[in-house]
Amino acid sequence: MDDQDEERALTPLHPNHVKLLRVQAALMALPVTVAALVLEIAGLLPTGAIIVPVLLSAAWVILRVPLRRHAARGYDMGSDRLRVVRGLWFHSDTVVPFGRVQHIDLSQRPLERAFGLATLTVHTAGTHNSSVSLPGLAQADAAAMREAIRAHIKRETL
Amino acid sequence: MTGAALAPRRTAPLGVLVGAVSSIRQSVFPAAAGAYGLREAFGNLAFVAAFALLLLVIGGVGSFLKWWRTTYVVGAEDIRLESGVLSRAARSVPYERIQDVSLEQPLLARLLGLAAVKFETGAGGKDELTLAYLPLAEGARLRELVRDRKDDAVPAVAAAAAEPAGQVLFAMSPKRLALFGLFEFSLAAVAVALGAAQQLDFLLPFDVWDWDHWREVLDVPTHRIAELGPLVQAFAALVILLAVSVIGVTTGVVRTIMRDWGFVLERTAKGFRRRRGLFNKSDVVMPAHRVQALQLRTRWLRRRFGWQGLKFVSLAQDQGSGSHAVAPFAQLDEIDPIVRAAGFALPDAATDWHRPARRAFIDRAVLSAAIPLAPAVGLAFSPEPLLAVVPLLAIPLLALRQVFLWHRARHAIDERHVYASHGWLAPRIDVASRVKLQSVEIAQGPLARRGGYATLHLGLAGGTLAFHAVPLAEARRMRDAVLDSIARLDFSQLS
């Protein structure tokens, strides 16, 4: 990532975020694997012609892809702005100045709660990027960030 | 605020009539369709009359109940509306949140001296508060009240808007309107007219598609037509072409005149005030400081004559479209004072335009070439392989389009504004104020990462603004510049 050199280093997300992504990927891969298993048992094609490639790609999706997705994400909490970077293929790098934050959401879905993670979402008045969410933060960090941003919102801009 | 004003009030009773008529008008087409479908079963007048009566009663009772169950309170800090016949809904909108107040007068309401008062909050169409209908004077009083409340809350604004009151910035004469209408030639109307003629020809006393009939009407001697042969066909084509253009032009002119009759844009102490409309009159006030960005739009033909249209982007909605048209059809020297009154500037000769990355347009041309390639491959394996050449002819055209797009696209940034200009046949120019932007995003797809360019999305309240195919380093520079001007701004100045 030579193009990142000139900027401040990004804070990586919590390590548990990889586990969360893996569980999500496993849940996605499960129906496909079951379907492949059924087709395999039905014996339409030579043994292993279906289940082997499906299992291999499932392993890649569960083990490798979450690592790369995790590495592509990050954030930088500046003194007056929040920068959120995400996306493996479709890369996006968003900066929201605290002064333009309308309101802040802190959410925990069941899986996130299991890993002690939380998602911080900041809402702006813009039509594009009306809400920018940052998943994979430790619950305590996310709460601290919310307080920090809230302290900066002296007054609404609209 | 007196005690009486805090009591829940109902809207104007006469509004029941307007509501009933509009609900009947809405149901008349489905009802007519239903009656037409059932005409075999109950083919008599009594049935039709009973059906019409039922419609009237349903419309009238519904409208009355709605009016009876709707009350509003103009409070000290907010406007509250309680409504709903069976399920009740209460909505409260604080004065602080109201973006602007517009008065709308459909034809019937106008005859009765009523207006629909819309309090726009920027939350999007459904979530705004509408009081339909109030006497016009009451609507105007509410509007003044809201503005006064807001100005109390935001004293900084009054100083910024201290200019001569009620100065007319732009108006359109009937002559200008007619010219505008000519450029609004509508092919869609032509299609609708042709479609309707085909669908409803059983209603007409003659067959539209019967050439013999038209020949009789036009009284052309039959034997001469037989002699003329191909000439007649050419003549027929010409007649159709002429009829189509007449329909298209007429629709354009009529629609334009109905929408923009008496168009006046004024600069008042509290903002911009725009009045327009022939039957549906509308009167909108936009506070100057709420204008987030400008859109300068034109089309390729009107551009040859120097005609442009100007729109204000804000969180408020304008009769279904996102931005307020403030000068729909004007020359640049008329637009310039409006732009300056709003605190913006148009790009001029001194503007330091930057070109986008050429690589992005080459990538897109290559990608778009894939579209005709698919049918071409399909045709190559068909019984007529030579036909495969036909879709391929589109490739140079698609590439040429990208050349045009690249040629037109440019962007600029100066101390106070960002400018974007893009478009294929005619340039579309956007101007946004740097301090009013909400967020900055640099987005890159797989191709963009290889090519070292990016799309710069700027968060704009009430609209979108994006600079496509900006070289990455430049996108970063622009982002930092914009963020700096946002961060430097003290909030009390914005409001």
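Remarks
- Once the Cα-Cα distance is subtracted from the 0.36 nm per residue extended length, the A:ASP80 to A:THR33 segment shows a gain of 12.2 nm.
- Here r is the Cβ-Cβ distance between B:ARG477 and A:ALA26 and R0 is 45 Å; the resulting FRET efficiency, rounded to 0.05, is 0.60.
- Pairs exceeding a 21 Å alpha-carbon distance, out of B:LYS118/B:LYS436; B:LYS118/B:LYS175; B:LYS311/B:LYS436; B:LYS66/B:LYS281; B:LYS281/B:LYS436: B:LYS118/B:LYS436; B:LYS118/B:LYS175; B:LYS66/B:LYS281; B:LYS281/B:LYS436.
- Here each label is just a point 7 Å from Cα along the line to Cβ, and for A:ALA140 and B:VAL61 those points are 6.6 nm apart.
- Across region B:452-462, computed HN-Hα scalar couplings (Karplus, 6.51 cos²θ - 1.76 cosθ + 1.60, θ = phi - 60°) run x, 10, 8, 9, 9, 8, 10, x, 10, 5, x Hz from first to last residue, x flagging Gly and Pro.
- Estimated translational D of region A:1-72 in µm²/s (Stokes, Kirkwood radius over Cα pairs; 20 °C; 1.002 mPa s): 149 µm²/s
- Here the Karplus curve 6.51 cos²θ - 1.76 cosθ + 1.60, taken at θ = phi - 60°, turns the phi angles of region B:74-82 into couplings of 9, x, 6, 10, 8, 10, 10, 10, 10 Hz, with x standing for Gly and Pro.
- Distance in nm between pseudo-label sites at B:ASP148 and B:ARG488 (7 Å out along the Cβ direction from Cα): 3.9 nm
- For region A:119-151 versus region B:356-393, the gap between their alpha-carbon centres in whole angstrom: 45 Å
- Principal semi-axes of the equivalent ellipsoid, √(5λ) from the alpha carbon gyration tensor of region A:98-137, are 23, 9, 7 Å from largest down.
- Start at zero, step by 5 Å, and the Cα-Cα distances of region A:75-152 spread as 3, 15, 27, 25, 18, 10, 2 percent across the bins.
- Inter-chain Cβ neighbour count for B:448-457, averaged per residue, equals 2 (cutoff 10 Å, partner chain atoms only).
- 3J(HN,Hα) from dihedral phi, region B:332-339, Karplus parametrisation 6.51/-1.76/1.60, rounded to Hz, x for glycine, proline: 4, 6, 7, 6, 3, x, 5, 4
- Sorted largest first, the principal axis extents computed over the alpha-carbon atoms of region B:358-494 equal 73, 30, 23 Å.
- B:MET172 long-range amide H proximity, modeled H, under 5 Å: B:PHE263
- Modelled FRET efficiency - R0 25 Å, B:TRP68 with B:VAL28, Cβ distances, 0.05 increments: 0.55
- Dimensions of region A:19-158 along the principal axes, based on C-alpha atoms and rounded to the nearest Å, stand at 68, 29, 23, largest first.
- Spatially, region B:402-450 and region B:326-351 are offset by 19 Å when compared through their Cα centroids.
- Geometric extent, Cα atoms of region B:269-392 - Rg, Dmax (angstrom): 22.9, 74
- Chain A: calculated mean residue ellipticity at 222 nm from DSSP helix runs of at least 4, using -39500 (n - 2.57): -12500 deg cm²/dmol
- Potential lengthening between B:TRP424 and B:MET258 on full extension [0.36 nm per residue; Cα-Cα distance subtracted]: 56.7 nm
- Peptide-level mean, for B:458-468, of C-beta atoms on other protein chains within 10 Å: 4
- For peptides A:59-72, B:259-272, sequence by mean Cβ density within 10 Å, most packed first: B:259-272, A:59-72
- Put a dot 7 Å past the Cα of B:VAL403, heading toward its Cβ, do the same for B:ALA178, and the two dots end up 4.2 nm apart.
- Contact order relative to length of chain A, as percent, for alpha carbon pairs under 8 angstrom and 6 or more apart: 20 percent
- Counting Lys and Arg as +1 and Asp and Glu as -1 over every other residue whose Cβ lies under 9 Å from the Cβ of B:ARG479, the net charge comes to -1.
- When both region B:92-111 and region B:272-308 are represented by their alpha-carbon centers, they are found 19 Å apart.
- Translational D in µm²/s for region B:250-305 (Stokes-Einstein at 25 °C, 0.890 mPa s, Kirkwood Rh from C-alpha pairs): 184 µm²/s
Each reported figure results from applying straightforward, stated rules to the coordinates on display, with no laboratory input. Since we're looking at a predicted model, the values are computed, not measured. So basically every Cβ, Gly included, is an ideal-geometry build from the backbone, and we count neighbours across all protein chains shown.
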